[in-house]
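Reviewing the structure listed below.
The values are calculated or read from the model by the stated rules, or taken from the named source; none is laboratory data. All of these numbers come straight from a predicted model, not from anything done at the bench. Cβ sites come from the backbone with ideal geometry, for glycine too, and all protein chains shown count toward neighbours.
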Amino acid sequence: MKSAAFSLYPISLSLKGRHCLLVGLGAVGQRKLSGLVPCAPASILVLDSAPPSQQALPLLTAACVQFEQRACVAEDVFGKIMVFVATDDTRENTRIADMCHDANVLCNCATEPERGSFYVPAVVRQGCLEATISTGGASPALVRRWRPELADWLAPRARMAVFMGRLRPLILALHNASEQNTKLFRELTESPLQQWLHEGDIQRCRLLLEEKLPQNLHAHLAELLDDLS
């Protein structure tokens, strides 16, 4: 198997308070926009040479979205944390991707991914648990096939993620040595707790936690296990 010349660096990026640009509001652009809005950016400038379709109109009602019917110019790129290029015109997409490259702005190019600087992985969410999968642009079809399998893998782990998210600040507030905290977290993650939470066996979970957790946290067991059965 031929190896890639370089590796992509995976991150989960906060867009809160940042400015984004989306060029093209067809089917692909609408999918991009529907994924951007929940991330609470300060603004999303949406550009398209055609008026928005009836399907796109609901997406434009978000407070952070500003739609303008015109072509993209270089000034639109500056100050943006990322740009999504999704027009039906390959030459136009290339032009905008090149502007992003010159401005050192992250760009995702729908028609020519290699012209951009990042790919968008498929995202699967189960409660607070989130996982992504990507082939680095090699095969979107494979990603679509594997996404349901990833969802099935996450499902039995979602309650465990919620529980650990509740427990961690309580443990850290005790100000114990980090080695002690690490040992406790490792013991819990390697225990049957995940399986019992998934099965809704709260009694077994409670008994295990009474054994593992410090005595002064036993009063928090009800809130830690609330709604996890």
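Exactly one residue out of 72, 100 is under 21 Å from residue 8 (Cβ atoms), crowded, with 19+ Cβ neighbours inside 10 Å and out of contact with any His (no Cβ under 6 Å at 6 or more places or on another chain), and it is 100. Of all residues in the range 113-132, those satisfying the criterion of being in a strand (DSSP E or B) and touching a residue at least 60 places away in the same chain (Cβ under 8 Å) are 123, 130, 132. Does residue 111 satisfy the criteria of being surrounded by 14 or more Cβ atoms within 10 Å (Cβ to Cβ) and either of a type in the set (S, T, N, Q) or at positive phi (or both)? Yes: the conditions hold for residue 111. Scanning the range 175-195 for any residue that is out of contact with any Pro (no Cβ under 6 Å at 6 or more places or on another chain) and in contact (Cβ under 8 Å) with a residue 40 or more places away in the chain turns up nothing.
Looking only at residues in the range 6-55 that are of a type in the set (S, T, N, Q) and in the same structural domain as residue 85 (by TED's automatic domain parsing), the one that is surrounded by the fewest Cβ atoms within 10 Å (Cβ to Cβ) is 54. Among the residues of the range 208-229, write down those that are part of a helix (DSSP H, G or I), of a type in the set (A, V, I, L, M) and in contact (Cβ under 8 Å) with a residue 40 or more places away in the chain. Of everything in the range 208-229, those that are part of a helix (DSSP H, G or I), of a type in the set (A, V, I, L, M) and in contact (Cβ under 8 Å) with a residue 40 or more places away in the chain turn out to be 217, 224, 225.
Would you check if residue 166 is assigned by TED's automatic domain parsing to the domain that holds residue 217, over 13 Å from residue 194 (Cα atoms) and touching a residue at least 24 places away in the same chain (Cβ under 8 Å)? Considered against the rule, which asks whether it is assigned by TED's automatic domain parsing to the domain that holds residue 217, over 13 Å from residue 194 (Cα atoms) and touching a residue at least 24 places away in the same chain (Cβ under 8 Å), residue 166 comes out as yes.
Can you say whether residue 106 is among the aliphatic types (A, V, I, L, M) and either touching a Pro at 6+ places or on another chain (Cβ under 9 Å) or modelled with pLDDT of 95 or more (or both), as far as the supplied structure shows? Against the criterion (among the aliphatic types (A, V, I, L, M) and either touching a Pro at 6+ places or on another chain (Cβ under 9 Å) or modelled with pLDDT of 95 or more (or both)), residue 106 qualifies.
Tally up the residues in the range 133-156 that are closer than 25 Å to residue 97 by Cα and touching a residue at least 12 places away in the same chain (Cβ under 8 Å), please. Count: 5. Within the set 8, 21, 47, the sole residue that is touching an Asp or Glu at 6+ places or on another chain (Cβ under 7 Å) and in contact (Cβ under 8 Å) with a residue 60 or more places away in the chain turns out to be 21.
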